[in-house]
1. Net charge near Tyr55: determine it from the other residues with C-beta under 9 Å of the C-beta of Tyr55, scoring Lys and Arg +1 and Asp and Glu -1.
2. For the ranges 48-55, 64-71, what's the packing order if you count other beta-carbon atoms within 10 Å of each residue, average per peptide, and put the highest first?
3. Work out how much length Ser60 to Asn103 would gain on full extension: take 0.36 nm times their residue separation and subtract the Cα-Cα distance, in nm to one decimal.
4. For region 55-60, what does the Karplus curve 6.51 cos²θ - 1.76 cosθ + 1.60, with θ = phi - 60°, yield as ³J(HN,Hα) per residue in whole Hz, taken in order and with x for Gly and Pro?
5. Calculate one ³J(HN,Hα) per residue across region 104-117 by plugging θ = phi - 60° into the Karplus curve 6.51 cos²θ - 1.76 cosθ + 1.60, and present them in order as whole Hz with x for glycine and proline.
6. Considering the values (1) -0.52; (2) -0.58; (3) -0.36, which represents log10 I(q)/I(0) by the Debye sum over Cα atoms at q = 0.11 Å⁻¹ as calculated for the structure under consideration?
7. Hey, what do the phi angles of region 14-20 turn into as Karplus ³J(HN,Hα) couplings, whole Hz, using 6.51/-1.76/1.60 and θ = phi - 60°, x for Gly and Pro?
8. Between Gln9 and Glu80, what FRET efficiency follows from the Cβ-Cβ distance if R0 is 22 Å, with the result rounded to 0.05?
Amino acid sequence: MAYSYHLKQARKKLNLSLRKAAEIFHLSPSTLSRYEEGLILRIPPQKLKRLIQHYGIDPSALRREWLRENALQRLIQYEESQRIDADFLYERYSSLDERGKRNVLRLLLYECELMTHSQEQDMPRGH
């Protein structure tokens, strides 16, 4: 998600059509579309570097988002594998220092924003 969301938003911000952007980057429109939709998770590093440079995306912001996503994914995988219940998660959260608690809350707020944004995108538009 980290890359895909930013790639699509940056392309739109530059008013580039999918076809034109694909032409610039020597990609097929379907490949670029799959990058933007997150269907291709491992974008070749040189292609990703070229995309973020051309679009003016801050690489450190992508890295932070990627770390957050991976942390959340690892927690979800661990939770599923261990069948962790809410009490256990609350105990773990309670044992964190203030910085750790702030980081968890930031992550949760960020995920809520993404979900809200996604839901807004899915809502039908009025005429």
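1. So the environment of Tyr55 carries a net charge of +2.
2. Taking the mean over residues of other Cβ atoms within 10 Å, the ranking is 48-55, 64-71.
3. 13.8 nm
4. Values per residue, Gly and Pro as x: 7, x, 7, 6, x, 5 Hz.
5. The phi angles translate into 5, 5, 4, 4, 5, 5, 4, 5, 5, 4, 4, 5, 5, 4 Hz.
6. Computing log10 I(q)/I(0) by the Debye sum over Cα atoms at q = 0.11 Å⁻¹ and matching it to (1) -0.52; (2) -0.58; (3) -0.36 gives (1).
7. 7, 6, 9, 6, 4, 4, 5
8. 0.15
Coordinate-derived values only; no laboratory data. Since this is a predicted model, take the numbers as computed values, not measurements. Note: ideal-geometry Cβ built from the backbone for every residue, glycine included; neighbour counts use all protein chains shown.
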